[in-house]
1. Among the lysines, which fall within straight-line cross-link reach of LYS60, defined as a Cα-Cα distance under 16 Å, with same-chain neighbours fewer than 8 residues apart omitted?
2. I need the GluC sites (Glu not before Pro) found in the range 1-76, filtered to DSSP loop residues with at most 15 other beta carbons within 10 Å of theirs.
3. Note down the nm distance, to one decimal, between modelled labels 7 Å out along Cα→Cβ at LYS60 and at GLU40.
4. Which whole-Hz couplings ³J(HN,Hα) result when phi for each residue of the range 43-54 is put into the Karplus expression 6.51 cos²θ - 1.76 cosθ + 1.60, θ = phi - 60°, listed in order with x for Gly and Pro?
5. Using modelled amide H (1.01 Å from N, peptide plane; none on Pro or chain starts), what sits under 5 Å from the amide H of LEU70, excluding residues fewer than 5 places away?
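Just so it is clear, none of the values below were taken in a lab; they were calculated from the coordinates. Just so it is clear, the structure is predicted and the values come from calculations on it, not from any experiment. Don't worry about glycine lacking a Cβ; one is built from the backbone with ideal geometry, like all the others, and counts go over all protein chains shown.
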Amino acid sequence: MNDKKSPPTLPDRLSGDSRSPHHVAEIFEHNIGIKLNDKERTDVEEYCISEGWVKVASPKSLDRRGQPLLIKLKGTVEAFYK
């Protein structure tokens, strides 16, 4: 009676913005974690493992559409299910 389906494999690039072509809604049904340089980050909006970057929202700056500006941080990126 345990009908848990296994989570889908995490892609190389994933975005939390539903307007992005890199957004996969099925993955966000599960808890995922992102590590940048061996430190877990909880504020990641988008990541790319092969290029080694994550994007986090700027705390104050907004773009012309009213969305937070994203800052790119570089390093070793690891994505995993919690």
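1. Candidates past the 8-residue exclusion: LYS72.
2. For GluC sites (Glu not before Pro) across the range 1-76 that sit outside H, G, I, E and B with at most 15 neighbouring Cβ atoms in 10 Å, the list reads GLU51.
3. Rounded to a tenth, the inter-label distance reads 3.1 nm.
4. Calculated HN-Hα couplings, in order: 10, 7, 9, 7, 9, 9, 6, 5, 8, x, 8, 10 Hz.
5. Residues meeting the criterion, in which the H sits 1.01 Å from N, are SER58.
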